[in-house]
Amino acid sequence: MDIIYLNDLRIETIIGIFDWERRVKQTVSLDIEMGADIRKAASSDAIDDTLDYKAVAKRVIGFVAESEFQLVETLAERITGIILDEFDVPWVKLRLNKQGAVRGARDVGVIIERGARP
């Protein structure tokens, strides 16, 4: 299995459980790894033969920017569902970082894997 990835995709969104978090957009950072077989695309040199990471990024950005979840766990689960269902990806690993969520920690968030590694 090959992996196509996006790292440090930063998106402004409403996320959190506290009253102030429900009023102010915060930045979340996403690292996304997606299982793929790039051999056909490498041979043809055609975008139609591969996973279009720009299309994935645009879809995820649009979804996250409009979302208003309380938990990063919920947001992560929904993002991976979109990637698996809409982009014919067999496996995805997502790291969702909500920097500044805990005083003294640079990074806070979740890492989830969904689907099956071929």
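The values are calculated or read from the model by the stated rules, or taken from the named source; none is laboratory data. Remember, it's a predicted structure, so these values are computed and weren't measured experimentally. So basically every Cβ, Gly included, is an ideal-geometry build from the backbone, and we count neighbours across all protein chains shown.
Restricting the search to the range 32-67, which residues are surrounded by 12 or more Cβ atoms within 10 Å (Cβ to Cβ) and not in a helix (DSSP H, G or I)?
ILE32, GLU33, MET34, GLY35, ALA36, ASP37, ILE38, THR50, LEU51, ASP52, SER67
Among what's in the range 73-109 and is surrounded by fewer than 19 Cβ atoms within 10 Å (Cβ to Cβ) and of a type in the set (Val, Ile, Thr), pick the residue that is farthest from MET34 (Cα to Cα). Full working, then the answer.
Step one: of the range 73-109, the residues surrounded by fewer than 19 Cβ atoms within 10 Å (Cβ to Cβ) are 73-74, 77-78, 81-82, 84-88, 90, 93, 95, 99-108.
The next check asks that each one be of a type in the set (Val, Ile, Thr); those that pass are 74, 82, 102, 108.
Numbers: THR74: 19, ILE82: 12, VAL102: 29, VAL108: 22 Å.
Selected residue: VAL102.
Collect the residues in the range 11-31 that are touching a residue at least 12 places away in the same chain (Cβ under 8 Å) and either exposed (fewer than 12 other Cβ atoms within 10 Å of the Cβ) or among the β-branched types (Val, Ile, Thr) (or both), keeping them in residue-number order. Lay out the reasoning, then the answer.
Restricting attention to the range 11-31, the residues satisfying the condition of being touching a residue at least 12 places away in the same chain (Cβ under 8 Å) are 11-17, 22, 25-31.
If the condition is that a residue be touching a residue at least 12 places away in the same chain (Cβ under 8 Å) and either exposed (fewer than 12 other Cβ atoms within 10 Å of the Cβ) or among the β-branched types (Val, Ile, Thr) (or both), then ILE11, THR13, ILE14, ILE15, ILE17, THR27, VAL28 are the ones that fit.
At pLDDT 95 or above, farther than 14 Å from THR13 by Cβ, among the basic types (Lys, Arg) and part of a helix (DSSP H, G or I), is that true of LYS93? Spell out the reasoning first.
Details: at pLDDT 95 or above: yes; farther than 14 Å from THR13 by Cβ: yes; among the basic types (Lys, Arg): yes; part of a helix (DSSP H, G or I): no.
Against the criterion (at pLDDT 95 or above, farther than 14 Å from THR13 by Cβ, among the basic types (Lys, Arg) and part of a helix (DSSP H, G or I)), LYS93 does not qualify.
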